[in-house]
Amino acid sequence: MKEIKFRNSDYLVIAAYQIATQTSPDQFQPTVERAKLFYDGMKAEHRFLTGQDDYIFAAMLALSDLNVDTGVARMEQLYRELKPEFSSRNSVQALTQVLVLGEDTPDACTRVIALNEAFRKRDLRMDKTYTLPSLGILSLLPSDRDSLVDEVAETNDWLRTQKGFGAWSIDKQELLLFSSALIAIQHVENLRNGVLTTTISTSITNIIIAQQAAMAAAAAASAAAASSSSSN
C-alpha cells in the first residue's frame, strides 16, 4: 500500500490488516489497487475531507464487490442528500461509506434522517462527529425504529452506571458509540439465526469493526500528537 502512495499511519496498518485477513495472497495486489482507486475517487470529490482516516473504509470498499465508479458516484449522491441535514462534513462522508457498504437502498437517506429524529426526541444526539457513522449502521438493521432507539437508550443508561463509564471517564458521544455498537452487534447475532441473510449480517459486522478500528486509530494518532507536543 505504501508503494502506491498510501501514507504511513495507524489507519494504514489497520487497512492493510483488513486486506491481509479477508482475502488470499494472490488477491493482495488487485485489492490494494482497488482501495487506491476508491480513495482517489473520494479525494477527487472531496479533496479536503478525504484523508488518512478514510484508508480503512477504502480497504473495505476494495474488499466488496462494488464497482469503483458506481460506488464513488453513489457515495457522492448520498453526500449531497445528507449534507444539509448534518453539520460535520467529514462524518457525513463516513456515513456515506457505511451506507454504500451496507445494503444500500433508494430510501437510505430517508431512513437515516427518520432514525436521527427519533433519537433526538429522546435527547440522544447520534448526529455528532463520532456517532454519525453509527447512525448509518443502525439504519441498516431491518428493525422497528422506536424499539431500536429504546434499546440504545436503555443500554446507554445502563452503561453509565457501570464502573469506568461514569461522566468523569467517558463523554456522552463516546458512551453512545459503545451503546449503539453493542445493540447493532446484538441484532446481527440474533438476525444471523434466520431473520437476516448471512451476507448483510457479515457486512454490518465488518462495518462495525471498521468503525471501531477507525476510532482506535484516531485515538492513537491523537495520543501520539499530544505526546510529541508535550515532549517539545
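For ASP40, the accessible surface of its heavy atoms amounts to roughly 70 Å² (probe 1.4 Å, protein chains only, rounded to the nearest 10).
If each residue of separation counts as 0.36 nm, what is the full-extension length gain between ARG125 and THR161 once their alpha-carbon separation is subtracted? All intermediate terms of the calculation are to be shown ahead of the outcome.
Details: separation 36, 0.36 × 36 = 12.96 nm, distance 1.94 nm.
Length gained, ARG125 through THR161: 11.0 nm.
Extension gain, SER147-ARG47: 0.36 nm per intervening residue step, less the Cα-Cα distance, totals 32.1 nm.
Between THR205 and ILE185, the simple spin-label model (points 7 angstrom out along Cα→Cβ) gives 1.2 nm.
Given all pairs of different Cα atoms, what value in angstroms does the Kirkwood hydrodynamic radius of the stretch 1-130 take? Averaging 1/r across every pair of different Cα atoms and inverting gives 15.4 Å. Counting only residues at least eight positions apart within a chain, or on another chain, the aspartates and glutamates with an alpha carbon under 13 Å from that of LYS172 are ASP123, ASP127, ASP157. In straight-distance terms, cross-link reach from LYS5 covers every one of the lysines whose alpha-carbon lies under 17 Å from its own, apart from those fewer than eight places away in the same chain; here that gives LYS36, LYS43.
Which FRET efficiency, nearest 0.05, do PHE28 and SER87 yield, Cβ-Cβ r, R0 35 Å? It comes to 0.35. Shape index of the stretch 1-63: Rg/Rh, with Rg the Cα radius of gyration and Rh the Kirkwood radius from the inverse mean 1/r over Cα pairs, equals 0.94.
Per residue, the accessible area of the chain comes to 52 Å², computed with a 1.4 Å probe over protein heavy atoms only. Carbon and sulfur atoms: what percent of the 1.4 Å accessible area of the stretch 122-163 do they account for? C and S fraction of accessible area: 42 percent. Relative to the current alpha-carbon distance between GLU103 and GLU3, full extension at 0.36 nm per residue lengthens the span by 32.8 nm. Cβ-Cβ distance of ASP65 and GLU174, R₀ of 45 Å, FRET efficiency by 1/(1 + (r/R0)^6): the value works out to about 0.85. Length, then width, then depth: along the principal axes, the Cα atoms of the stretch 41-97 run 30, 21, 17 Å. Pairwise Cα distances in the chain exceed 25 Å in 41 percent of cases. Estimated purely from DSSP H runs of n ≥ 4, each contributing -39500 (n - 2.57), the mean residue ellipticity at 222 nm for the chain is -23000 deg cm²/dmol once divided by its residues. Protein heavy-atom surface of the stretch 14-107, 1.4 angstrom probe: 50% of the accessible area is carbon and sulfur, with nucleic acids and ligands not counted.
The values are calculated or read from the model by the stated rules, or taken from the named source; none is laboratory data. As the structure is a prediction and not an experimental result, all values here were calculated from the model. Methodologically, a virtual Cβ is constructed for each residue, glycine included, from the backbone with ideal geometry; neighbour enumeration extends over all protein chains shown. Quick note on the areas: whole protein, heavy atoms, side chains included, nothing else; ligands and nucleic acids left out. Shrake-Rupley method; radii C 1.70, N 1.55, O 1.52, S 1.80 Å.
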